[in-house]
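Working notes, beginning with the structure itself.
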Amino acid sequence: MKKILILNGPNLNLLGTREPAQYGHTTLADVEAFCKAHGEKLGYAVECFQSNWEGALLDKIHEYGQLFKAGEVLGVVINPGALTHTSIALHDAIKGVDPMPVIECHISNVHAREAFRHHSWVSPAAAGIVIGFGVDGYLVAIDGLLRKFVHSAATKPA
């Protein structure tokens, strides 16, 4: 069974308690559970990983890039948190594992927030972006991976 990685960056371990008016009351454990259930329903194993350390996120992207080359992975859904706006290293890591698809996902609409959140270093390297659908955005991103990289490949003319 192919894998999908749900990768969460800094402070997402505080979901459910950090700024609930902005991010809601759903915890990261809740998000991980419904992503795993959704993936299983679709025939994919979902691994979830969160770190407040940029290097740990980079290592996980590199690891999954190798697994993708081996045919074991469909792709990655990443919510980089605040690293979205600061990390050229995440951009470079995602570019470095191309053609593995990486979908950028944000719980809030970053474009309706502070100006410093409007720029993403991750977006230019991402295969797609899901923004502002709350925690349901993770499911939208998983479905997007399947629609764009599985279903569309099956319907392309030879």
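The amide H of His106, built 1.01 Å from its N in the peptide plane, has Val130, Ile131, Gly132 as neighbours under 5 Å, considering only residues 5 or more places off or on other chains. Based on Cα contacts under 8 Å between residues 6+ apart, the stretch 55-158 shows a relative contact order of 27 percent.
Residues Thr84, Thr27, arranged from fewest to most other Cβ atoms within 10 angstrom of their Cβ, appear as Thr27, Thr84. How large is the translational diffusion coefficient of the chain in µm² per second when you combine the Kirkwood radius over alpha carbon pairs with Stokes-Einstein at 10 °C and 1.306 mPa s? For these conditions, the coefficient is 102 µm²/s.
Loop-located trypsin sites (Lys or Arg not before Pro) across the stretch 1-42 with a Cβ neighbour count of 14 or fewer within 10 Å are Arg18, with loop assigned by DSSP. GNM on the chain, C-alpha springs below 10 Å: top fluctuator among Ala126, Ala141, Ala70? Residue with maximal mean-square fluctuation among Ala126, Ala141, Ala70: Ala70. Of all lysines in the structure, those lying under 22 Å Cα to Cα from Lys36, and not within fewer than 8 positions of it along the same chain, are Lys2, Lys3, Lys60, Lys148. Each residue of the stretch 57-73 is assigned a 3J(HN,Hα), and the resulting list reads 5, 4, 4, 5, 4, 4, 4, 5, x, 5, 5, 5, 4, 7, x, 9, 10 Hz, derived from the Karplus form 6.51 cos²θ - 1.76 cosθ + 1.60 (θ = phi - 60°), x at Gly and Pro.
Can you give the charge dipole size of the stretch 3-155 about its Cα centre, rounded to the nearest 20 debye, using +1 on the beta carbon of Lys and Arg and -1 on the beta carbon of Asp and Glu?
240 debye
Since only Leu58, Met100, Ala125 are under comparison, the one whose Cα sits farthest along the positive direction of the charge dipole of the stretch 48-129, derived from C-beta charges on Lys, Arg, Asp and Glu, is Ala125.
Coordinate-derived values only; no laboratory data. Model, not experiment: these values are computed from the prediction. A quick note on method: Cβ atoms are made from the backbone with ideal geometry, for glycine too, and the neighbour counts reach across all protein chains shown.
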